[in-house]
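These notes concern the structure reproduced below.
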Amino acid sequence: MAAAPVVRFPVFGLVRLLGLAASAAILVWAVHFRGGMALSSEKDKLLIFNVHPVLMLIGFVVLNGEAILAYKTVSGTKKLKKLVHLSLQFIAMILSIVGLWAVWKFHNEKAIDHLYTLHSWLGLSCIILFSIQWAAGFWTFWYPGGSRSGRASLLPWHVFFGVFLYVLAIATSVSGLLEKSIFMQSAKMIGRFSMEAMLMNLLGMLLVLLGALVILAAISPGAGKIDTYRGSSE
Ligand code: HEM
């Protein structure tokens, strides 16, 4: 197999910049264009929905990406890197559970069916698999910790599923943005070339670019502090 590409530009800085830009864009969308967010509301149920994309995107895409790269961006002992990695993933998982609860509550209160779209199927798979991945990683690599051979055999699968779930999170987010934009265009809430529709398209493009850079930074051998990401199950 060909060697992984060597990165000669500040990929980690770029990842952080794009992550901040994506977080800012979804917040501007929810607050400026969609009127804000609320965990409960009697008069505008859409405020409850708005919590969903914000938490999913910041948790499953931005924090997940930072967590994947923690072994290369955080200085210090391997134990500290591992702690940052699992803590960021834990926060991502909690945000996604609250985000799922918000959209579920919105559907209940508006009497909308659950799980009828491809986006919702991708999303539910993402949340379930991510939780299993986190629990298996915690159990094997942190507490109580598996045997040396158990850790060594799980590591390649943990890395594979980590990257796979990250790609799935991006695909799910892009499908959510597309679906919401089309819903709003069909309901004549926004125009095809409105600022809001363009912002949603741009955000989708940004997520795809962010995904490419996170994966590049993760697989590139020279990038980052010490390359402890691969080959060690300690
Ligand atoms: C990785 C991130 C995401 C995950 C895991 C996810 C997951 C889900 C799930 C499981 C549902 C079904 C809720 C139900 O049936 O009651 C749902 C609904 C929805 N989500 Fe997301 N979502 C994500 C990101 C987004 C984003 C960024 C948007 C952008 C606006 C979005 C828009 C929607 C919409 C419009 C619905 C309601 C219609 C439907 O059920 O498909 N989602 N999401």
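Of the residues Ile26, Ile68, Ile48, Ile58, the single one that is within 16 Å of the ligand (Cβ to nearest atom), more than 27 Å from Gln185 (Cβ to Cβ) and either at pLDDT below 95 or not polar (S, T, N, Q) (or both) is Ile68.
Count of segment 66-91 residues, restricted to those that are under 18 Å from Ile170 (Cβ atoms), in contact (Cβ under 8 Å) with a residue 40 or more places away in the chain and not acidic (Asp, Glu), is 3.
Could you list all residues from segment 112-152 that are in contact with a Ser or Thr (Cβ under 8 Å, 6 or more places away or on another chain) and free of Cβ contacts under 8 Å to residues at least 12 places away in the same chain? Residues satisfying the conditions are His114, Gly146, Gly150.
Of the candidates Ile132, Ile190, Ile182, Ile127, the single residue that is within 8 Å of the ligand (Cβ to nearest atom) and out of contact with any strand residue (DSSP E or B) (no Cβ under 8 Å at 6 or more places or on another chain) is Ile127.
Residue pairs whose Cβ atoms lie under 7 Å apart, separated by 6 or more positions or on different chains, with the first residue in segment 171-187 and among the acidic types (Asp, Glu) and the second within 9 Å of the ligand (Cβ to nearest atom) and in a loop (DSSP other than H, G, I, E, B), are Glu179/Thr117.
In segment 58-115, what residues are of a type in the set (Val, Ile, Thr) and more than 21 Å from Leu165 (Cβ to Cβ)?
Selection gives Thr77, Ile112.
Residue count for segment 175-198 satisfying the condition of being touching a helix residue (DSSP H, G or I) at 6+ places or on another chain (Cβ under 6 Å) and in a helix (DSSP H, G or I): 7.
Is one or more of the residues making up segment 157-166 under 22 Å from Ile68 (Cα atoms) and in contact with a Cys (Cβ under 9 Å, 6 or more places away or on another chain)?
Residues of segment 157-166 under 22 Å from Ile68 (Cα atoms): 157-166.
Next, only the ones that are in contact with a Cys (Cβ under 9 Å, 6 or more places away or on another chain) stay: 165.
Yes; the residues of segment 157-166 include at least one that is under 22 Å from Ile68 (Cα atoms) and in contact with a Cys (Cβ under 9 Å, 6 or more places away or on another chain).
The values are calculated or read from the model by the stated rules, or taken from the named source; none is laboratory data. This is a predicted model, so every value here is computed, not measured. Quick reminder, even Gly has a Cβ in these numbers, built from the backbone with ideal geometry, and neighbours come from all protein chains shown.
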